[in-house]
1. Of everything in the stretch 121-134 that's in contact with a Gly (Cβ under 8 Å, 6 or more places away or on another chain) and surrounded by 23 or more Cβ atoms within 10 Å (Cβ to Cβ), which residue is nearest to Y174 (Cα to Cα)?
2. Quick one: count up the residues across the stretch 125-182 that are of a type outside the set (S, T, N, Q), part of a loop (DSSP other than H, G, I, E, B) and in contact (Cβ under 8 Å) with a residue 24 or more places away in the chain.
3. Would you be able to tell me the number of residues in the stretch 124-135 that are farther than 22 Å from A69 by Cα and not acidic (D, E)?
4. Could you say whether any residue in the stretch 65-80 is in contact with a helix residue (DSSP H, G or I) (Cβ under 6 Å, 6 or more places away or on another chain), of a type outside the set (A, V, I, L, M), touching a residue at least 12 places away in the same chain (Cβ under 8 Å) and closer than 25 Å to Y174 by Cβ?
Amino acid sequence: MPLLPARLAACCCAAALAGALALPAQAEPDAAADPIAHWLAERGLGAPAVEAGAFVDGLRHKAGELVGAAMNFLGVRYRRGGNSADEGFDCSGFTRHVFESTLGLVLPRRADEQAGAAGLKPVGRDELAPGDLVFFNTLKRRFSHVGIYVGDGKFVHAPRSGARVRVEDLRQSYWAKRYNGARRAEPAAAAGTTVERGV
């Protein structure tokens with residue numbers, strides 16, 4: 001399956017997110033030229049005015065690069081132990097590949113190891129931002145499944161054997177009951193390093 005260039009994927013992702021978030025045609029004056037700032041303001045997530053530019057730029061970077069790259073793999077088949085679009089992905093192979101190719105951040109291989117990795121900080125469910133790792137208990141053990149939060153209550157993941165990389169809703173009953181938490185890459189960890197397993 002040919003992959004879109006990263007810049008085209010980011011543009012497609014931004015358009016898809018704008019449609020999924022149902023942004024209104026009329027934006028408030030201060031956010032008229034910035035749909036991400038408008039989306040944040042609508043949900044009460046706006047940063048203080050002094051820091052708003054850096055905050056929105058950081059969110060745009062994650063949404064445009066990391067989430068855009070993740071969405072580029074929609075439709076890639078699931079394969080246990082898979083680490084690439086050519087051979088297929090399992091859940092942690094998918095997140096590891098996306099983080100390494102976009103942030104230069106090498107995550108541990110297994111979902112439970114990613115959840116405990118140093119350099120990734122826990123994030124509350126009400127603080128989720130695009131690019132966060134979201135974890136689930138799908139095999140009667142904590143952190144047995146992982147995906148990437150894309151915004152508006154949705155995440156992208158490689159679900160299971162026989163399925164393909166897809167977007168699902170955290171609020172859906174199955175996922176809501178199994179949600180275990182989220183992790184975010186700290187700025188220092190995203191500087192092209194390997195993230196070691198936590199203790």
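1. Across the stretch 121-134, the extreme among qualifying residues is V134.
2. Taking the stretch 125-182 and keeping what is of a type outside the set (S, T, N, Q), we get 125-136, 139-143, 145-160, 162-171, 174-179, 181-182.
From what is left, the residues that are part of a loop (DSSP other than H, G, I, E, B) are 128-132, 139-143, 152-153, 158-160, 162-163, 165, 170-171.
Next cut, in contact (Cβ under 8 Å) with a residue 24 or more places away in the chain only: 128-132, 141-143, 152, 158-160, 162-163, 165, 170.
Going through the stretch 125-182 one residue at a time, the tally reaches 16.
3. Final tally of qualifying residues: 2.
4. No; the residues of the stretch 65-80 include none that is in contact with a helix residue (DSSP H, G or I) (Cβ under 6 Å, 6 or more places away or on another chain), of a type outside the set (A, V, I, L, M), touching a residue at least 12 places away in the same chain (Cβ under 8 Å) and closer than 25 Å to Y174 by Cβ.
Read-outs throughout are calculated quantities, based only on the coordinates presented, and are distinct from any laboratory measurement. The structure presented is a predicted model; accordingly, all values stated were derived computationally and were not measured. Cβ sites come from the backbone with ideal geometry, for glycine too, and all protein chains shown count toward neighbours.
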